[in-house]
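Q: Quick one: the structure is below, and I'll ask about it shortly.
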Amino acid sequence: MKECEARTCSGEKRESVASWVKNQIKQDEIDRYMNNGHDFIDDSYIARTLEENRNVEKERIRGILNKAHEVRLMDDADVAALCNITDPDLRAEVFQAAEEIKKQVYDNRIVMFAPLYLSSKCVNACRYCGFRADNAEQERTVLTQAEVEAETHVLASKIGHKRLVIVFGEHPESAVDYIIDCMKTIYSVHDQVRNGVGEIRRVNVNAAPMSIADLKKLEKGGIGTFQVFQETYNHEIYRTMHPAGTLKGNYGWRLYSLHRAMEAGIDDVAIGCLFGLADWKSDVLGMVAHARDLENRFGLGPHTISVPRLEPAIGTDFSFIKNWVSDDDFRYLVAVLRVAIPYAGLIVTNREKPEMIRSLSDIITQRDADSRIGLRAYSEAFKVGLNTSNDKQKLEKEQFELSDTRSLDEVIREAAELGHIVSFCTAGYRCGRTGKKIMDLLRTGQEGCFCKLNAVLTFQEWLDDFGSEETRRIGMDLIKKEIEEIRGRTPSVYTKVLFNKFYGDYQKVVAGQRDLYF
């Protein structure tokens with residue numbers, strides 16, 4: 001009798017999931033953004049543009065790079081010309097321009113965040129993903145709110161993060177209402193730490209595409225940035241990676257997910273591409289096309305862009321992959337994106353090895369640190385007394401394998417040694433500097449000025465509350481240099497009134513006040 005009841009329950013659950021899947025996609029919320037039945041990615045046009053911009057003269061490349069300092073989205077032909085460069089010396093010039101533009105727009109800061117995986121149940125069957133529905137080696141779970149809270153306590157009070165990106169599989173048990181509950185739980189955590197308070201001030205969401213109605217609920221629920229990565233923009237390869245009949249198999253539903261977010265009032269969106277699925281050059285042009293369509297329709301492009309590369313995942317055979325990206329090409333494509341979409345924050349994650357991230361530190365603006373991507377991974381690690389990410393990864397609970405498993409303290413110490421001010425700032429979002437407003441400030445360099453002040457304040461907070469003795473010593477030396485640089489740029493960049501306010505707030509932070517910002 002019990003066995004019969006279990007089979008009935010299992011059958012009802014499958015039917016419920018199938019019904020949920022059937023009702024997710026709203027075709028009218030794809031069609032409304034299309035142009036005569038076509039989306040904005042034209043594969044033949046991308047291939048032709050790449051072909052027509054081979055072997056361009058050095059003078060043209062240098063003209064393209066000079067124009068990039070205007071901080072405007074780059075023309076397709078110019079992006080294609082940069083993608084086609086193989087000469088090491090000319091690639092070095094692109095790197096130099098990328099570093100200059102990063103400094104011009106974002107100064108020398110790097111924002112730190114952590115991913116928090118909250119569900120591994122998924123209805124999709126993406127061939128490259130450890131969470132795919134048919135992967136029997138993957139453990140499946142959706143965290144309870146008590147478990148979400150336990151993870152948050154570790155991230156906020158043991159490690160010291162202020163900004164999270166929460167990640168979900170696509171499944172009815174982790175749909176919009178669950179996501180909103182998770183955000184409420186995370187924001188509710190406030191722990192006393194060494195000198196201040198451990199808390200998460202910004203929650204970004206990496207989740208499946210949603211309807212406009214659900215996205216409006218998410219906007220009211222306190223979301224930061226909404227991330228949806230297209231994985232690859234090439235239609236044919238997208239079809240081979242995402243089986244027909246699955247939610248993710250619908251290219252258009254995913255492609256226009258951020259359009260719907262904008263329409264729902266979420267003006268901070270993030271695009272990304274999983275490099276290794278298609279030719280990297282065509283996907284770079286796809287990302288530029290995505291940014292352009294958002295600009296054309298809503299007046300602003302993506303706030304951030306992410307560039308994950310394929311990494312091993314348990315129970316996953318990668319023999320079908322034909323477009324692996326070499327280290328040299330990956331490093332170069334990041335530089336191309338920096339100059340092609342110059343206003344956007346650029347994120348490289350711990351999928352990459354420490355030496356790769358280090359080599360890109362003058363180009364990127366955000367990275368994660370002390371990351372664990374398994375379900376309950378933060379609380380389980382600290383429960384047994386571990387205090388770094390160097391414990392063995394539990395691949396049966398993870399979507400893929402990490403390459404940089406160092407602690408946040410180690411990563412921050414290295415960044416400071418390289419001259420990068422580490423920022424935990426979330427001020428812009430709470431001051432209303434989002435959407436078109438922040439884009440205008442980024443293009444003029446004004447946002448970088450605000451961010452530098454807030455980076456110093458939040459870095460001092462973290463050093464006092466969480467830093468080891470050695471990291472604190474190195475970090476304090478850098479902060480002194482930063483303050484002197486700010487003082488030296490007053491009153492040409494910072495007014496005397498603004499500097500005095502900043503320095504007064506800095507002294508308050510040293511004395512123990514927290515969460516002061518501009």
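Q: Mind giving me the FRET efficiency for Glu139 and Val17? R0 is 22 Å, r the Cβ-Cβ distance, nearest 0.05 is fine.
A: FRET efficiency, Glu139 to Val17: 0.75.
Q: Given a Förster distance of 25 Å, report the FRET efficiency between Tyr33 and Lys67 from their Cβ-Cβ distance, rounded to the nearest 0.05.
A: 0.30
Q: I've got another one for you. Before anything else, pin down the relative contact order of the chain: Cα pairs under 8 Å, at least 6 apart, normalised by residue count, whole percent.
A: Dividing the mean separation by the residue count of the chain yields 19 percent.
Q: How do 50-60, 128-138, 234-244, 114-124 rank on mean C-beta neighbours within 10 Å, highest first?
A: The peptides rank, most packed first, as 114-124, 128-138, 234-244, 50-60.
Q: Compare the peptides 363-375, 95-107 by average per-residue count of other Cβ atoms within 10 angstrom and give them in order, highest first.
A: Sorting 363-375, 95-107 by mean packing, highest first, produces 363-375, 95-107.
Q: A follow-up question, please. Per 0.36 nm of contour for each residue apart, how much would the distance between Asp43 and Ser492 grow if the chain were fully extended, relative to their Cα-Cα spacing?
A: Stretched fully, the Asp43-Ser492 segment lengthens by 156.9 nm.
Q: Past 20 Å, Cα to Cα, is the threshold; run Lys184/Lys217; Lys452/Lys481; Lys162/Lys184; Lys158/Lys481; Lys67/Lys103 against it and keep the listed order.
A: Over 20 Å Cα-Cα: Lys158/Lys481.
Q: Normalise the Cα radius of gyration of the range 176-258 by 2.2 N^0.38 Å (N = residues in it) and let me know the number.
A: That ratio works out to 1.43.
Q: Now for a different question. Starting from the Cα of Gln96, move 7 Å in the Cα-to-Cβ direction to define the label point; list residues of the range 33-69 whose amide nitrogen is under 20 Å from there.
A: Correct set: 56-69.
Q: Here is a follow-up. Considering only protein heavy atoms and a 1.4 Å probe, what is the carbon-and-sulfur percentage of the accessible area of the chain?
A: 48 percent
Q: Rounded to the nearest whole Å², what accessible area per residue is found for the chain with the 1.4 Å probe?
A: Computed with neighbouring chains in place, this is 40 Å² per residue.
Q: Classify the chain: rounded, prolate or oblate, from the alpha-carbon gyration tensor (a ≥ b ≥ c, eigenvalue square roots; a/c under 1.5 rounded; otherwise prolate if a/b is larger than b/c)?
A: oblate
The values are calculated or read from the model by the stated rules, or taken from the named source; none is laboratory data. Model, not experiment: these values are computed from the prediction. Please note: Cβ atoms are built from the backbone with ideal geometry, for glycine as well, and neighbour counts cover all protein chains shown. Accessible surface areas use protein heavy atoms only, side chains included; no ligands, DNA or RNA. Shrake-Rupley method; radii C 1.70, N 1.55, O 1.52, S 1.80 Å.
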